[in-house]
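**Q** Pasting in a structure now, in structure tokens, and then I'll have a few things to ask.
The values are calculated or read from the model by the stated rules, or taken from the named source; none is laboratory data. Quantities reported herein were computed from a predicted structural model and do not represent experimental measurements. Note that each Cβ is placed from the backbone with ideal geometry, even for glycine, and that neighbours are counted across all protein chains shown. For the accessible areas, the whole protein counts, side chains as well, though only heavy atoms, and no ligand, DNA or RNA atoms are used. Shrake-Rupley method; radii C 1.70, N 1.55, O 1.52, S 1.80 Å.
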Amino acid sequence: MPKTASSQEETTLSPEIRAKYEPVIGLEVHVQLLTQTKIFCACSTRFGDPPNANTCPVCLGLPGTLPVLNKRAVELAMSASLAINCTVHEHSRFARKNYFYPDLPKGYQISQYELPLATGGWIEIEHDGAKKRIGITRLHLEEDAAKNLHEGFAHSADKAYVDFNRCGSPLSEIVSEPDMRTPEEAHAYLATLRQILLYTGVSDCNMEEGSLRCDGNVSVRLRGAKEFGTKVEVKNLNSFRFLQKALEYEIERQITILESGGRIAQETRLWHQNENRTVAMRSKEKAHDYRYFPEPDLLPVHVSSVWRDQVLHSLPELPTPKRARFVTQYAITPYDAEVLTASQALADYFEAAVKAGAPGKTAANWMQTELLRRLNDSGKEISASPVSPPALAELVTLVESGKITGAVAKKVFATMFDSSRSAAEIVAAESLGAQIDDSVIEQAAREVIAKNPDNVAKFKSGNEGVFKFFVGQVMRATRGQANPQTVNDIVRKLLSS
Ligand SMILES: [Zn+2]
């Protein structure tokens, strides 16, 4: 049956047509800095408080108020900048970005424009076993806007509500170079950046609470072309899944337009997660639309080399070098190292277990199987693990020394996880020690009997009390590892024969 025109329209692009084009992707990430208070006032940044509980004249934009810069916000932004290999500038400056919106009470946002805090960095991503360096154009500081609430209130049907708690929260905007070529690379970039921001304690990166938000710049060009195509900004890519789906959709949309002879409009589009598509939001605004000018109420930001070096030296070991060190220092595989450095807390747990005596590879195996599975099943974080690193090390040592078998150890671990009791305690209480073979006990018993003919004679003449002597000697000969009942049975059998 011949295809109808409409079914052809619905058909997705053929691999041949898709292969003609190369996507070009850059990401703009907004990350909320983990400060106690807002960037220009002393209001709390706590998430989830009643609407408008954390506000003051400064963050409500009342006339006559003056902003005061939060030093901790600058410090955290410096940490982020240095961790992504940016140059932190000695002099940067805040600027007013003017636009009107109900969630922006001053009518302008205090941001940084022509003199950002840091520029010219990079991070390394890994995808499909290949490493690639993605450039970072800039990192700047700015204040967050408030939040418009469109549902959940008495008059939501005909009114919009505004919650100013978020207004004035400190943000860093991190702009990448257009260095990514696939949605998968964009995914890897965001995951790598998020991990670095978590390691450095710059942000909690909670995407559900809006602490990490992502917009994408996407264009396509014929493979081999030097010029970039017209770029479209896609907003609201606020989960890893949406990021990938939205980029895939947008790339396909642009190729379809170009293939049918059309032109791409330079615009801002919004990802609609329920409809699985991007929709046009507005034509792309240009910098001059915002009438940027230097913020007259704040002094320029001055970062001395001493302060910068202090922040640099306070940075923790970052994920990439930590992975490399784990592989060489603990003789584990690169895959093990990747799993164990997923978070700082997991990496710390592993190193604490090794320090407490567990061999690296064995600790890595236990963590990746039993520990992570049980944490996952019980919805617990590693920091709340009922089994501490020394407790895991103790269990591993019992297996390594042959005191218990691997199969028994798994049962012991399950009990440890549920009860927080130690491995040795559980092994003793439940008599789980490795069982000595009956023939070994019998051999020991024969030797004890052969060495003590006098006591054998006493037993045979009816002295039942001397039986305990034989049992005690056999238990000693088997170093307490034999089952006492088995020893009893074997000794009685031999003495009675
Ligand atoms: Zn305030």
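**Q** Quick one: if you stick a label point 7 Å off each Cα along the C-beta vector at Arg46 and Asp103, how many nm between them?
**A** With each label placed 7 Å out from Cα toward Cβ, I get 2.3 nm.
**Q** Which sequence of Leu33, Leu318 reflects their accessible areas, 1.4 Å probe, from the largest down?
**A** Numbers: Leu33 5, Leu318 35 Å².
If we order Leu33, Leu318 from most to least accessible, we get Leu318, Leu33.
**Q** Expressed as a whole percentage, what fraction of the accessible surface of the chain belongs to carbon and sulfur atoms when a 1.4 Å probe is rolled over the protein heavy atoms?
**A** Carbon and sulfur: 53 percent of the exposed surface of the chain.
**Q** May I ask you to order 455-461, 393-399, 200-206 by the average number of other C-beta atoms within 10 Å around their residues, highest value first?
**A** Averaged packing, sorted descending, gives the order 393-399, 200-206, 455-461.
**Q** Please arrange Arg223, Arg138 by accessible surface area, largest first, computed with a 1.4 Å probe and ligands excluded.
**A** Arg223, Arg138
**Q** For segment 185-233, what D do you get in µm² per second when you plug the Kirkwood radius from alpha-carbon pairs into Stokes-Einstein at 20 °C and 1.002 mPa s?
**A** Approximately 165 µm²/s, per Stokes-Einstein.
**Q** OK, next. Roughly how many debye, to the nearest 20, is the charge dipole of the chain about its Cα centre, given +1 on each Lys and Arg Cβ, -1 on each Asp and Glu Cβ, and no other charges?
**A** Computed charge dipole of the chain: roughly 720 debye.
**Q** In addition: Take peptides 294-305, 403-414, 36-47 and line them up by average Cβ neighbours within 10 Å, highest first, as a rough protection proxy.
**A** Put in order of decreasing packing, that is 36-47, 403-414, 294-305.
**Q** To continue, here is another question. Give me the extension gain from Ala191 to Glu317: residue separation times 0.36 nm, minus the current Cα-Cα distance, reported in nm with one decimal.
**A** 43.6 nm
**Q** Could you give the dipole magnitude of segment 316-355 about its Cα centre, charging the beta-carbon of Lys and Arg +1 and that of Asp and Glu -1, in debye to the nearest 20? Numbers along the way, then the final one.
**A** Details: 4 positive and 5 negative charges, 17 e Å.
Roughly 80 debye, rounded to the nearest 20.
**Q** Follow-up question, since we're still on this one. Say the dipole of the chain comes from +1 at the beta carbon of Lys and Arg and -1 at that of Asp and Glu; which of Thr478, Leu346, Asn455 then lies farthest toward its positive end?
**A** Asn455
**Q** Moving on to the next point. In nm, to one decimal, how far is the modelled label at Ala154 from the one at Ala287, with both set 7 Å along Cα→Cβ?
**A** Taking the two extended label points, one gets 4.8 nm.
**Q** Using a 1.4 Å probe on the protein heavy atoms only, what accessible surface does Met207 show? Give it in Å² to the nearest 10.
**A** The accessible area comes out at roughly 40 Å².
**Q** Another question, if that's okay. Express in Å², to the nearest 10, the accessible area of Val162 obtained by rolling a 1.4 Å probe over the protein heavy atoms while all chains stay in place.
**A** Counting only protein heavy atoms, Val162 exposes about 40 Å² to solvent.
**Q** Calculated from DSSP H runs of 4 or more alone, at -39500 (n - 2.57) each and per residue, what is the 222 nm mean residue ellipticity of the chain, nearest 500?
**A** Values: 18 runs with 196 residues, N = 497.
It comes out at -12000 deg cm²/dmol, rounded to the nearest 500.
**Q** Next question, about the same structure. Where does the Debye-calculated log10 I(q)/I(0) of segment 361-490 sit at q = 0.12, 0.16 Å⁻¹, using only Cα point scatterers of equal weight, no solvent?
**A** The Cα Debye sum returns log10 ratios of -0.59, -0.79.
**Q** How high is the relative contact order of the chain? Use alpha-carbon pairs under 8 Å, at least six apart in sequence, and give a whole percent.
**A** Dividing the mean separation by the residue count of the chain yields 13 percent.
**Q** Follow-up question, since we're still on this one. Roughly how far apart, in whole Å, are the Cα centres of segment 284-342 and segment 190-263?
**A** 21
**Q** Output the DSSP H helices from the chain with an along-axis C-alpha extent of no less than 27 Å and a mean Kyte-Doolittle hydropathy no less than -1.0.
**A** Qualifying helices, which must be both long enough and hydrophobic enough, are 240-259.
**Q** Rounded to the nearest 5, what % of the DSSP beta bridges within the chain are antiparallel ones?
**A** 95
**Q** Something else: How many percent of all Cα-Cα pairs in the chain sit more than 28 Å apart?
**A** Of all Cα-Cα pairs in the chain, 67 percent lie more than 28 Å apart.
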